[in-house]
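Everything below concerns the one structure shown next.
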There are 2 protein chains.
Amino acid sequence: MENSKIKLILASGSPRRKELLGHLRIPFEIRVKETSEDSDATDPLLFSQEIAERKGQNVLQDLLHTQGGPYLVVSADTIVSLKGRIYGKPRDRSEARTFLTELSGQTHSVFTAVSMHLYFQQTAYKSSFVEETKVTFNKISNDLMERYLDTGDSLDKAGAYGIQGPSLTFVSKVEGDYANVVGFPLARFILEARHFLNPFFPHEDIWSNLF
Amino acid sequence: MENSKIKLILASGSPRRKELLGHLRIPFEIRVKETSEDSDATDPLLFSQEIAERKGQNVLQDLLHTQGGPYLVVSADTIVSLKGRIYGKPRDRSEARTFLTELSGQTHSVFTAVSMHLYFQQTAYKSSFVEETKVTFNKISNDLMERYLDTGDSLDKAGAYGIQGPSLTFVSKVEGDYANVVGFPLARFILEARHFLNPFFPHEDIWSNLF
């Protein structure tokens, strides 16, 4: 009789996602595979979903050789979108300034797609969802812009800003899941993961320790 | 001819307010006077405003003896309100559990009042505003509740939670200024401080270094 707990695996190298998932206070492992972040999708929802699924699939693929499990691989992708344009991470300070100038005084959307890959009894199951949060910036004065760029906070973040820090000088409004803007919609993930896992383990404690 | 810059003073001992104001990257000093946080006001807006003004006034009072200035004293008070009840900081873990059980599955309001006291040319001027943000909690399961209480995050925070950390397991939605929920509506403060200070120093650089 197999007495195995699900192994939770976060397929992301983002320190912010690690911190958010860590708030669950359950053990998990981080595994990252280099994954292309290009897509032909023009819709921000489909774009982020495709990248998130690809990240998770790449990590799952390696795990399938290990004979272990069950595994729950969680991956995510966050993008910013304004007027049909998709903003990923800026290449450099100059592109960060361009992004922020376009977002200044506007309301944009942040999409985070979360993908859950379950590997259980030699079969793979997948579920994913996308959460959208709207964020409004005040007009960013030149002074505040340069001071913000000086912090270097822009460079590894979609849309060239991280909401949890110095950008709060110009972030005036959030509508929706705040953690989603940081990079991982934690509260919704808990609900979705319960729904996803429940049919597989309806009478067992196998995943109750997870959430 | 007096060539004095405004001295910015934060009349709050909160490490979160210090961090938020710090994002402006201008020098400021912290001065705290013990202040009663009681009020007869039953309206949450007036309640928070009264406490914020009192905090600032107590600090300003000491400064008036120093003959220095000009000073801009900034103070703030944050409270949580649901169905006419006002939630301050919980006394202990048990009261924190009570607060969170009442907030579970509901949308509450967070009010932060900010008070600005300007002391300039032997005269005192005052301006204040209150920012409201709505926050929605998922139903908090017993497991998540106890894990959250274990973190000790509740104890020094209005409404028994801090939005910037482990409570994100149950915070599902924010509508409004996020920094306001942390304890200081930074983006709005910048706009309000400009409006407040501009008439006093219309043709001078005396405060342009501030913001």
### Task
Could you give the size of the charge dipole of the protein assembly as shown about its Cα centre, using +1 on the Cβ of each K and R and -1 on the Cβ of each D and E, expressed in debye and rounded to the nearest 20?
160
### Query
What value, in deg cm²/dmol to 500, does the helix sum -39500 (n - 2.57) over DSSP H runs of n ≥ 4 give at 222 nm once divided by the residues of chain B?
-9500 deg cm²/dmol
### Task
For the range B:1-74 and the range A:32-58, write down the distance between their C-alpha centroids in whole Å.
48
### Summary
Taking alpha-carbon centroids only, the range A:88-131 lies from the range A:135-150 a number of Å equal to 22
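Can you pick out the pairs among A:K134/B:K139; A:K55/A:K173; A:K7/A:K55; A:K5/A:K134 whose Cα atoms lie more than 26 Å from each other? Could you put the intermediate results ahead of the total?
Details: A:K134/B:K139 23 Å; A:K55/A:K173 30 Å; A:K7/A:K55 17 Å; A:K5/A:K134 37 Å.
Exceeds cut-off: A:K55/A:K173; A:K5/A:K134.
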## Note on the structure
With Cα coordinates, the longest principal axis of chain A makes an angle with the long axis of helix A:93-103, in degrees rounded to 10, of 90
### Message
Nearest 10 degrees is fine. How inclined is helix A:44-63 to the longest principal axis of chain A, computing both from alpha carbons?
### Response
40
### Summary
Inter-copy distances for A:L45, label 7 Å out on the Cα-Cβ vector, sorted ascending, nm, one decimal, are 3.6
#### Entry: Pseudo-label separations to other copies for B:K126 - Cα-to-Cβ vector, 7 Å, nm
6.2
### Message
7 Å along Cα→Cβ for the label point: how many nanometres lie between B:D156 and each equivalent label in the other copies, listed shortest first?
### Response
2.8
### Query
In the protein assembly as shown, what percentage of the DSSP-assigned beta bridges are antiparallel, given to the nearest 5?
85
#### Entry: DSSP-defined antiparallel bridges as percent of all bridges, chain B, nearest 5
85
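None of the figures in this text is laboratory data; all of them are computed from the coordinates on show. Fair warning: this is a prediction, and the values are worked out from it, not measured in the lab. Please note: Cβ atoms are built from the backbone with ideal geometry, for glycine as well, and neighbour counts cover all protein chains shown.
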